[in-house]
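Here is the structure we will look at.
Since every read-out is calculated from the coordinates, none of them should be taken as a lab result. Source: prediction; values computed, not measured. Glycine also receives a Cβ, built like all others from the backbone with ideal geometry; neighbour counts cover every protein chain displayed.
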Amino acid sequence: MPITTCPTIMVTGGAGFIGSALIRRLISTSAAQVINIDKLTYAASPGSLVSVQHDRRYVFVQADICDGRAVEDALQRYRPGAIIHLAAESHVDRSIDGPAAFIQTNIVGTFTLLEAAARYWRGLEPQDRERFRFLHVSTDEVFGSLSATGRFTEESRYAPNSPYAASKAAADHLARAWRETFDLPVVISNCSNNFGPFQFPEKLVPLMITCAIEGKDLPIYGDGQQVRDWLHVEDHIDGLLMILAQGRVGESYTIGGYGERSNLELVRAICSELDRQRPDSRGPYSRLIRHVQDRPGHDRRYAIDPAKITDELGWRPRRGVEEGLAQTVEWYLTHEPWWRAILQQTYDGARLGIPRPAPSDRASQ
């Protein structure tokens, strides 16, 4: 299903980091009308969509995916040929502090959306039913933690270790079940850690960049040897659009950037890039690195083998980690008003997901 043949695409969570990048790409490179359904939680950034907000093909619907009536109304009004489901609570640390929101949005919201999509899909004309796709976008965190070797594939066992990962795993299972039981044409993707412009500054890359610019400590959890497979958001968007256009219904595709780095190695690379782009007279930015208490259930290593999407669809990452970090650091340096407004109004950079004492320990204090 080439994107050019899909007149309307609905994106859930389109004011988020990945969703906004996807919408900007769709508006700039396709003829599709794009319907953005977003609740506008703390992590939403309408400012990331300024470049498309006046385009006649872009429509914003402020709604919660848990609101079945609102979702059904949007489906009936705009008649999309595809849904790309990105709406989710996504920060592991916040899921430790408050898991209820993750259960509600990621599980109940996905169920509500699937129910509405299935009813809508069954009412389409036969040729439109055949072309319709529901792309469910997920994470490699559903697979748990790897040892020092090996990579996740589409066949990896689900073993989530955080409330966030568990909620996304449940959503994956729901999406798969709606395909197997109700024939909804679902395709699933699982990506590695994204980074790039417009990422909310609670996530590792923008948090380290903004803290360093402000001369604050750069907190590294534990020994910093946790490994992640870093993927530039624009490469992820390439993969999602290829899956939407060519992916096989009922299949899942893992998307990784061949960008394995330990957290400590990544932060040092960010510091080196800042040293190059904005030298600090007080010394190298790496002087700000501080090791802090690790978070509970912290997975040790993620890595993805993207052979399936490469072999079937021809996808490959186009940006290496170093190139992507250089571009990202430059973006945050030249867009300070965007992230400073967030730090002043929404999130001040405080530590989240701090381990809590056991009940017996509290009782003795």
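Which angle between 0 and 90 degrees, to the nearest 10, do you get for helix 110-122 versus the longest principal axis of the chain when only C-alpha atoms count?
Tilt of helix 110-122: around 20 degrees.
Going 7 Å from the Cα of LEU40 in the Cα-to-Cβ direction, what parts of segment 107-132 have a backbone nitrogen less than 13 Å from that spot?
Hits in segment 107-132 for LEU40 at 13 Å: none.
State, to one decimal in nm, how far the label point of ALA307 lies from the label point of ARG69, with both points 7 Å from Cα in the Cβ direction.
5.1
Give me the percent of DSSP beta bridges within the chain that run antiparallel, rounded to the nearest 5.
10
So how do ASP38, ASP294 line up by other beta-carbon neighbours within 10 Å, fewest first?
Result, fewest neighbours first: ASP294, ASP38.
Choose one answer from PRO185, PRO197, PRO284: the residue with the largest mean-square fluctuation in a GNM of the chain with alpha-carbon springs under 10 Å.
Per the Cα network of the chain with a 10 Å cutoff, PRO284 tops the list.
With θ set to phi - 60°, apply the Karplus curve 6.51 cos²θ - 1.76 cosθ + 1.60 along segment 47-61 and write out the HN-Hα couplings as whole Hz, x wherever there is a Gly or Pro.
Taking θ as phi minus 60°, the curve returns x, 6, 10, 4, 5, 10, 5, 9, 6, 5, 8, 9, 10, 9, 10 Hz for segment 47-61.
Which of PRO317, ALA21, TYR221 sits closest to the plus end of the dipole of the chain, meaning its Cα is farthest towards the positive end, when Lys and Arg get +1 and Asp and Glu get -1 on the C-beta?
Looking along the dipole axis, the top candidate is ALA21.
Between HIS173 and ASP275, what FRET efficiency follows from the Cβ-Cβ distance if R0 is 35 Å, with the result rounded to 0.05?
It comes to 0.20.
If you place +1 on the Cβ of every Lys and Arg, -1 on the Cβ of every Asp and Glu, and leave all else neutral, what size is the dipole of segment 148-303 about its Cα centre, to the nearest 20 Debye?
Result for segment 148-303 is approximately 420 debye, rounded to the nearest 20.
Please arrange ASP235, ASP93 by counting, for each residue, the other beta carbons lying within 10 Å of its beta carbon, fewest first.
ASP93, ASP235
So the label point goes 7 Å from the Cα of SER147 along Cα→C-beta, right? Which residues of segment 291-323 then have their backbone N under 20 Å from it?
So the set is 298-305.
What number, in percent, do you get for the relative contact order of the chain if the mean sequence gap of Cα pairs under 8 Å and at least 6 apart is divided by its residue count?
It rounds to 18 percent for the chain.
Quick one: helix 321-334 against the long Cα principal axis of the chain, what's the angle to the nearest 10°, folded into 0 to 90?
80
Could you tell me the calculated FRET efficiency between GLU265 and ALA31, based on Cβ-Cβ distance and R0 = 45 angstrom, to the nearest 0.05?
So the FRET efficiency works out to roughly 0.60.
At a 10 Å Cβ-Cβ cut-off, how would you order ILE27, ILE103, fewest neighbours first?
Ranked by crowding around the Cβ, least crowded first: ILE103, ILE27.
Just tell me which lysines come within less than 27 Å, Cα to Cα, of LYS203; anything on the same chain fewer than 8 places away is out.
By straight Cα distance, LYS203 reaches LYS39, LYS168, LYS216.
How large is the helix-only mean residue ellipticity at 222 nm for the chain, computed as the sum of -39500 (n - 2.57) over DSSP H runs with n ≥ 4, divided by its residue count, in deg cm²/dmol to the nearest 500?
Result for the chain: -12000 deg cm²/dmol, rounded to the nearest 500.
Under 5 Å between amide H atoms, partner at least 5 residues away or on a different chain: which partners does VAL11 have, H built in plane at 1.01 Å?
Amide H to amide H, under 5 Å and 5 or more residues apart or across chains, VAL11 pairs with ILE35, ASN36, ILE37, ILE84.
If we count every other residue with Cβ under 14 angstrom of ILE237's Cβ, Lys/Arg +1 and Asp/Glu -1, where does the sum land?
Residues near ILE237 contribute +2 overall.
Once you place label points 7 Å from the Cα toward the Cβ at ASP128 and GLN104, how far apart are they in nm?
3.3
Could you tell me the distance between the Cα centroids of segment 20-55 and segment 139-200, to the nearest Å?
Centre-to-centre distance over Cα atoms comes out at 24 Å.
Residues with amide H under 5 Å of ASN190's amide H, sequence separation 5 or more or different chain, H placed in the peptide plane at 1.01 Å from N; which?
SER138, TYR253, THR254, ILE255
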